[in-house]
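The values are calculated or read from the model by the stated rules, or taken from the named source; none is laboratory data. Note that the structure is a prediction, hence the values are computed from the model and not measured. Because the Cβ atoms are built from the backbone with ideal geometry, glycine has one as well, and the counts that use them run over all protein chains shown. When the accessible area is computed, the model is the full protein with side chains, heavy atoms only, and any ligands, DNA or RNA have been set aside. Shrake-Rupley method; radii C 1.70, N 1.55, O 1.52, S 1.80 Å.
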Amino acid sequence: MNKCKRCNVWVKDDTMVCPLCHTILTEEKSKGHKSGSGFPDSEFEYNGARYVDIDSVADKRFLIQGPGYPDVKKNTRRFRKAGRILLFISLALEMLLVFINYLTFDMAPKYWSVVTGGIIAYLILTMWDIFSRRQGHIRKIYTQIFVILGLMILIDFALDWSGWSLEFGLPCIIYGLVLAIIICMSVNSSSWQNYLLMQLAAIALSILDVVLHFTGYLHHIVLAWIAFGLSVLLWSGTMIIGDRKAKNELKRKLHI
């Protein structure tokens, strides 16, 4: 029978990893255990509980308070409850701001409550990303990039569209993405090929920025060309240095 020394629990099946903390189990045998049983001779299991027979009192059985599985979902339930409370408070606050915006619209004809709603939504999403363990850091970077871009466009639209969110915001986002890729590749140098698709995403955004300038929607084309040059330079360097490993990773990811 295997035992987890970290959680101090016995695991009756043949698994070699603790289902609670994922620590490697150790095979131990306690004195007085029956063959094929995880309990001493005087103990037995009934309805999931451990009991002991007392010879002197034939009709009485006493529950043994042994170490059981810890409540690993306790912190998760607390986190979800706190998240729901925070969501309710945020919705109530945004409703109040929308009402104030409606009352003062004649004095200041701006939809500033849309801006506050976007900021509140971004903060909630960011906190969820920070504390969530289901998503990897690559997906979190994607989420942050597109949410920030959407928030800037929303603010620009609410404050009488002037195009600054795409004129200056989009190139800055591309610069930040390139910097994030370089940092991630430096930290996870053994898995640098995992960031090839992020480099393609940076190139795609920079191409979109250049196209918007050529169509006449934007005017400061220097920022767009710098973003395009940085993203292409990073991609080229990765493909040249990575050589066959980078090409194989692209074939595997893109199914080509």
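Miscellaneous remarks
- Of the residues making up the stretch 186-201, those that are in contact (Cβ under 8 Å) with a residue 24 or more places away in the chain and either of a type outside the set (S, T, Y) or not in a helix (DSSP H, G or I) (or both) are W192, Q193, N194, L196, L197, M198, Q199, L200, A201.
- Residue check for I141: over 30 Å from R244 (Cα atoms) and open to solvent by 20 Å² or more (accessible area, probe 1.4 Å): no
- Taken together, L159, L123, L177 contain a single residue that is of a type in the set (A, V, I, L, M, F, W, C), modelled with pLDDT of 85 or more and surrounded by 13 or more Cβ atoms within 10 Å (Cβ to Cβ), which is L177.
- Each residue in the stretch 15-34 was checked for being modelled with pLDDT of 70 or more and either open to solvent by less than 50 Å² (accessible area, probe 1.4 Å) or part of a loop (DSSP other than H, G, I, E, B) (or both), and 10 of them qualify.
- Residues located in the stretch 99-119, provided they are free of Cβ contacts under 8 Å to residues at least 24 places away in the same chain and either open to solvent by less than 40 Å² (accessible area, probe 1.4 Å) or assigned to a loop (DSSP other than H, G, I, E, B) (or both): N101, T104, F105, D106, M107, A108, P109, S113, T116, G117
- V57 vs. criteria under 26 Å from I124 (Cβ atoms), in a loop (DSSP other than H, G, I, E, B) and either open to solvent by 70 Å² or more (accessible area, probe 1.4 Å) or modelled with pLDDT under 50 (or both): no
- Pairs where the first residue, in the stretch 17-28, is under 12 Å from C7 (Cβ atoms) and the second is open to solvent by 60 Å² or more (accessible area, probe 1.4 Å), C-beta under 6 Å, 6+ apart: L20/V72; C21/R6; T23/R6; L25/M16
- Within the stretch 202-235, the set of residues being part of a loop (DSSP other than H, G, I, E, B) and either buried (at least 19 other Cβ atoms within 10 Å of the Cβ) or in contact with a strand residue (DSSP E or B) (Cβ under 9 Å, 6 or more places away or on another chain) (or both) comprises just one member, L218.
- When I240, I203 are checked against the criterion of being in contact with a helix residue (DSSP H, G or I) (Cβ under 6 Å, 6 or more places away or on another chain) and of a type outside the set (F, W, Y), I203 stands alone in meeting it.
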